[in-house]
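Input: a single structure, listed below in structure tokens.
The values are calculated or read from the model by the stated rules, or taken from the named source; none is laboratory data. Quick caveat, the model's predicted, so the values are computed rather than measured. Cβ placement follows ideal geometry from the backbone for every residue including glycine, while neighbour counts extend to all protein chains displayed.
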Amino acid sequence: MKPTCQSKYSAIILFAICLIMEIPLWAQQKAIQGSVKDMEGNPMPGVTIMADGTNAGTITNTDGKYSINVPEKGKSLTFSFLGYISQTLDITGKQTINVFLKEDLMKIEEVVVIGYGQQKKSDLSGAIVNVGVDKLEDVASPNLVSALGGRLAGVYVQQNGGGPNPTTSIRIRGTGTLNDNNPLIVIDDIIGADLESVNPSDIETMTVLKDASAAAIYGSRAASGVVLIKTKRGRSGMRPTVKFDAYYGFSTRSKKLDMLSASQLATIYNEASDNDNTPKLEEFANPSAMKDVTDWQDEVFRTASMQSYNVSLTGGGENNNYNLGFTAQDNDGILRNTYNKRYTLRINSDYKLGKKFKFGESINLSFKQRRGVDTRGDNVGAMIQTLAYHPDVPIYNEDGTYHGVFSSNYGDLRNPVGIFERNTQRNRFFQLEGNAYLQYEILPGFSAKISGSLKVIDNDTKTFSVKEPEPGKPNLVNGLTMFRAMNIGWIGEGFLYYDKSFQQHKINAMMGFSAMKNTGEDLSASKSGFDFEYPTFQYLNAGTLNPVCYGGYGEDGLVSGLLRLNYSYADKYIVSLNMRADGSSKFAKGNRWGYFPSFSAAWRMTQEKFMNHISWLDDLKLRVSYGSLGNQSVASYTYMATYTTSLPDGRYTFGPGTQTLYQGYYAGVMANPDLKWETTTQANVGIDAALFKNKLLLTLDYYDKRTKDILINPPALGAYGSIGNQLINGATVHNKGFEATITYRDQIRDFSYDVSFNISSYKNKVTSLGNDAQPIYGPKFRDAYSITRTDVGHPIGYFYGYKTNGIFKSEEEVKAYTNSKGELYQPLAKPGDFRYADTNNDGVLDSDDRINLGDAVPNFCYGLNLDLEYKNFDLNVFMQGVQGTQIWNAIRYTFGFTGLKYNYFSEIMDRWTPDNVNATVPRATWMDPNNNKRPSDYYLENGSYLRMKNISLGYTIPKVLTRKIDLEKIRFYVSAQNLFTITSYSGYDPELGIDTIGADLESNVDRGQYPQSKSYSFGVNLVF
């Protein structure tokens, strides 16, 4: 039937009525649009936006943009996304609302980087800890490691001096060997990378593997723990983002040592002469005439500038991502004419080819140039000479030359300012680290990966010694020494990965193969007798005298197979198995292979039904692990007999009656084909707990760590024609300790805070030194005494010497100190000399009375970190402390006694005299017949300290202002490092680190290191 005109008009009228009825509904809705980004300015797709009090809602698109029609009764919008803090914003009078969401750290399921992979933190069963790298970005530190001290339980970081580029020592769970105790560093899968080459702003994650179960996947290189770093990469679909971070500041010395004035020094010199009945030194005969001319500490120290600039570009497309970063640092030292300049370029990118293939690379280029000076040393170190030089001496002579050299008991003293100003020691260090990979997804959850790494290090050092023609004891011979070393290492690896979940089971497995090779070559050459000292003439061919040249070459390789299996049932029963087999060229056939298995398990008790009623307990996990690790950090060819050629020792005459010398070879070290791995076994039990809606976090660990077959050089009878002892596997060491970390964090509207405290303690004991069991002594001090010793039943490198029982107050006390036979213990002693204890009660005071005086192992180490945020303000306070460690103050040995024609510490004014018989400082004497300077507990000091390591205050400009100038973020901050240190130690600083002279066999010996500084800086963070 055809529609009639009436029906047509009826339809039109009905449509018009409906249209008119809808107009009020449209008028009652409001259109809102905008975008949602994270705090770094990256778009956030999938964010849920709901109009409160209505059913209206939407989500952001792939660009983070949205639009929504809000009914009239809707007054606000709520933006929410998993793992981020929700925001509710009023929409009154607004048509565009742009939002920045902040991560909710209490709800994020943290993903932790592990060896050759990653895991959710809840699935971990080993002792693994993540470093809060965001807390390190505001620390104006010369390198990353210096900023780590005290932040992690069980990780003991010490800075070896306060220079512009100081070395640092990291000890994870104590000192386990007499050899290399440094942890393995892995950066972007580059094994053996350099921590100094990475900038804190470039780091995405930093993880420390502490126990054997976590580190066993790295086998023979992981006995001292592993530090894993992943640098920042882009994300697919991420818009290009430019970041710029910079700071500028200055550093100053943190302490000045009190030295004698010129008149006080003359008084002491004269008194020493009187006590010894020797003639007085003519130039010091009249103390009142002595005038202070130069404060040498003020002259060599300075206020030093420091600056750092970092720029990065990060982004990604549909099938790729990238990150490009460049850093430039320029730090002057607080000692004159010392500096460090560092430049790094880092490139990371990943690409997808279709649905199956993925490849990428990480490249880091680093260049450092530094000028330093040798501050340590018993006699010739620059700090020793600065303190020793007399205050009545001017810097310059009348003709403008430096005041001359003068002799002392232990060598020549040179003008301290001249030492630093004439310093030409220059070191240039170039490093390339690169890694590339190709990954293929064979099946869902099953993939293969191959990767290759390359590391190239070029080290170039040049030192020119100028003539010193000043009066006194001129040095008219100049000289040049040049050193060049090239090291190249490569690694090739292949892996199969399997990751599958079904029902309540989760399986993650990895199997791999690795091969690596390292080569090293060095060359050292020197000449003297340069006619001109201009920089353009400071090259070897310009020298005319004493040409000397040395060189060396070495190589080693390692092949490995590795396996890991992780299993979880119902997210509450967790098991992990790791296995690595390493074959090293550093050992002879039959001992080249080492096998390093590990096992760990965890039980998440809160996943059990019987725990459901405990509402305040969010997570409780019990962990246990056991495993074996190795240490192959020994020189190449140590199992072989080595031969050396060297002038003049390697030359000989050939045939009777001839005077011609021919070059020959002689034995260096005897062979030991039985040499094998050092092996460390470690057991660990731990607890992880989260309480009160994840506000309170607690981690506890106890470990027992035992190392056997430690390589040592025992004292032995010399073999004919050999100069070196045979290296053997002979020592065992036992470490045990506990670690605790507690964190409380909360958010109250615009205010959030995070308080974290960690504490750790360990005990170290040598349990064997082989069949011979002879003690191992540390380096000698002034070529006379070993001040540390390693022996069975004691810690590594404990302090060894005499025990003092005060000072003889009178001649009567000297005569009364006798043995059971009435014989004087100290027949050469005088009033004011030390009284030494007969500790073995044999009636004789001799070297057998030396005992364990203490050690450098602290009773415990701790750190306290506080983060506060209120609206746009943020504050970080970090304090670090060490309790119960001891220091052997070697500079007190030099400047706390008379006997040397140096200046002395002002404490010597409280020495023993007939009018001050209760003194703690012995009498003044040149001859020292009682040998008051023998190593004793007098030099031992409490090294405990509490340091304000870092404090920084920042302010972020509101987004409403930064968007007007097309910036996503502007943040300014001020920061201070080492602001103060609470300690009783009398030296420059109690943080001494590992003395390079004796490594772990002589730690915490203050030989005059480069003093620590305190610094202040101002910085800015920009995001475009």
Fill in: Extreme residue, farthest from GLN632 (Cα to Cα), among residues of region 502-550 that are surrounded by 15 or more Cβ atoms within 10 Å (Cβ to Cβ) and hydroxyl-bearing (Ser, Thr, Tyr)
SER528
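State which residue is surrounded by the fewest Cβ atoms within 10 Å (Cβ to Cβ) when the search covers only region 982-1003 and only residues that are in a strand (DSSP E or B) and at pLDDT below 95. Full working, then the answer.
Filtering region 982-1003 for residues in a strand (DSSP E or B) gives 982-983, 994, 1003.
Subset that is at pLDDT below 95: 994, 1003.
Working: ILE994: 25, SER1003: 27.
Only one residue fits best here, namely ILE994.
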Worksheet, complete the sentence: Filter region 846-860 for residues that are in contact (Cβ under 8 Å) with a residue 60 or more places away in the chain and in a loop (DSSP other than H, G, I, E, B); the one that is surrounded by the most Cβ atoms within 10 Å (Cβ to Cβ) is ALA856
Worksheet entry | Meets criteria (more than 30 Å from VAL417 (Cβ to Cβ) and in a strand (DSSP E or B)) for MET482 | no
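Here are some residues: TYR343, TYR389. Which one is farther than 30 Å from SER261 by Cβ and hydroxyl-bearing (Ser, Thr, Tyr)? Break it down stepwise before answering.
Values: TYR389 fails: farther than 30 Å from SER261 by Cβ.
One residue alone meets the criteria, TYR343.
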Discussion item. Being of a type in the set (Ser, Thr, Tyr) and within 23 Å of LEU540 (Cα to Cα): is that true of THR386 here?
Written reply: no
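Okay, residues lined up against (1) modelled with pLDDT of 85 or more; (2) under 57 Å from the mean Cα position of the chain (by Cα); (3) outside any loop (DSSP other than H, G, I, E, B):
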{"site": "GLU22", "(1), (2), (3)": "no, no, yes"}
{"site": "SER35", "(1), (2), (3)": "yes, yes, yes"}
{"site": "GLU40", "(1), (2), (3)": "no, yes, no"}
{"site": "THR88", "(1), (2), (3)": "yes, yes, yes"}
Worksheet item: Going by the conditions given, is VAL1005 of a type outside the set (D, E, K, R) and farther than 30 Å from THR839 by Cβ?
Response: no
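Taking the criterion of being β-branched (Val, Ile, Thr) and closer than 30 Å to ASN181 by Cβ, would at least one residue in region 312-322 satisfy it? Explain how you work it out, then say what you get.
Quick first cut of region 312-322, residues β-branched (Val, Ile, Thr) only: 314.
Checking which are closer than 30 Å to ASN181 by Cβ leaves us with none.
No, that holds for no residue.
Suppose we keep only residues that are aromatic (Phe, Trp, Tyr) and under 23 Å from VAL129 (Cα atoms) within region 755-779. Which one would you say is modelled with the lowest pLDDT?
Here the answer is TYR762.
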Fill in: From the options GLY863, GLY832, GLY843, residue that is outside any loop (DSSP other than H, G, I, E, B) and either at pLDDT 95 or above or not aliphatic (A, V, I, L, M) (or both)
GLY863
